[in-house]
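The values are calculated or read from the model by the stated rules, or taken from the named source; none is laboratory data. From a predicted model like this one, the values you see are computed outputs, not experimental measurements. With ideal geometry, Cβ positions are generated from the backbone for all residues, glycine too; neighbour counts draw on all protein chains shown. Side chains included, ligands, DNA and RNA excluded: accessible areas come from the protein's heavy atoms. Shrake-Rupley method; radii C 1.70, N 1.55, O 1.52, S 1.80 Å.
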Amino acid sequence: MGVPVNDRRPATPRTAIVTGGGGALGSAIGHRLAQDGVTVVLADIDLDAAERAAAEPAPGSGGALLARHVDMADPASVRRLADEAAAELGGINVIVNNAAIQRRGGLRDARAADWDAALAVNLRGPALLCAAAVPYWERQAGGSVVNIASRVWLSGGPPVYVAAKAGLVGLTRSLATELGPLGVTANAVAPGFVPTEFTRAGRDAAELAELAERNRRITPLDRVTEPADVANAVAFLASAQARCITGEILHVCGGAQLAPLPG
Ligand SMILES: NC(=O)c1ccc[n+]([C@@H]2O[C@H](COP(=O)([O-])OP(=O)(O)OC[C@H]3O[C@@H](n4cnc5c(N)ncnc54)[C@H](O)[C@@H]3O)[C@@H](O)[C@H]2O)c1
């Protein structure tokens, strides 16, 4: 038997694209990968946020952080990101699909436009970004995809957001089967509640504190997940140490995936 193609990829990846790289988790993931010596493109619809994240000091960092614009809802913008990053960095090793938008209402509140917007950013964009990377993965020795899902894919909850995240889990499994022969692993990291702009938006401080407390109560490890917890899981799945892991969903939420969503 020959050497599996993903055994020929470097022990640490050299280049990565992290979408939503201007946000809390995206920035933490980018800095964590850079610590491993990876050159990371932080891509975001909010270029200023990505630039601020890229400029943050990274203690002990070996890799560089670059900021680029992308609108994950726009197929042309997604393709441009892949092609320009590959040209600039000499290839793409890792894609972290982390950008997402939130839609909180119930079924009766969700308009067609809400479905279209969330599915475009949270599901179609990640699929198109991976498709755009295929020619580069074909030319090099494999790569990896880490999709940032959410533990709500199991519990249910606001239907637009949950359906998009459950779809991302399904996409992860499809990518694992289709891209495996190219030496590309595809896994998902599913965080629980992390206090960030994403969870803060539309809530006042008291509501947010109450939500954090309700989440803590249903979390077996009795702790709140931090961006660094998510970033460490992503760095592992992107590394050669995870070369034989694909199609998996790694919950990073202190065990909260075992509980129903707090009301
Ligand atoms: N914070 C949580 O509690 C939590 C829990 C589970 C899963 N997640 C997931 O983690 C990921 C990151 O969340 P976060 O908490 O860091 O949120 P965040 O709001 O801090 O970051 C999200 C980033 O995505 C960017 N973005 C939005 N639309 C975009 C588009 N069309 N194109 C490109 N970029 C776009 C935003 O500008 C922002 O910088 C999301 O996928 C989210 O669903 C978060």
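Tabulated data for the structure shown
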item	result
Computed Rg/Rh of the stretch 169-223, alpha carbon atoms with Kirkwood Rh	1.23
Cα shape, the stretch 128-184, gyration tensor, a/c 1.5 rule	prolate
Whole-Å semi-axes of the stretch 164-263's equivalent ellipsoid (Cα gyration tensor)	30, 14, 12
For the stretch 35-97, size of Cβ-based charge dipole, Lys and Arg +1, Asp and Glu -1, in debye	160 debye
The chain: relative contact order as a whole-number percent, Cα under 8 Å and 6+ apart	21 percent
Estimated dipole of the chain in Debye, rounded to 20 [Cβ of Lys and Arg +1, of Asp and Glu -1, Cα centre]	580 debye
Solvent-accessible area, 1.4 Å probe, carbon plus sulfur percent, for the stretch 107-218	57 percent
Relative contact order computed over the stretch 208-263 (Cα-Cα under 8 Å; 6+ residues apart), in percent	49 percent
Accessible surface, per residue, of the chain when the full set of protein chains is kept, probe 1.4 Å, Å²	45 Å²
Sorted largest first, extent of the chain alpha carbons per principal axis (Å)	52, 40, 39
With DNA, RNA and ligands ignored, accessible area of ASP109 (1.4 Å probe; Å², nearest 10)	100 Å²
Helix-only mean residue ellipticity at 222 nm for the chain, each DSSP H run of n ≥ 4 adding -39500 (n - 2.57), per residue, nearest 500	-13000 deg cm²/dmol
Dipole magnitude (debye, nearest 20) for the stretch 92-183, charges at Cβ of Lys, Arg, Asp, Glu	260 debye
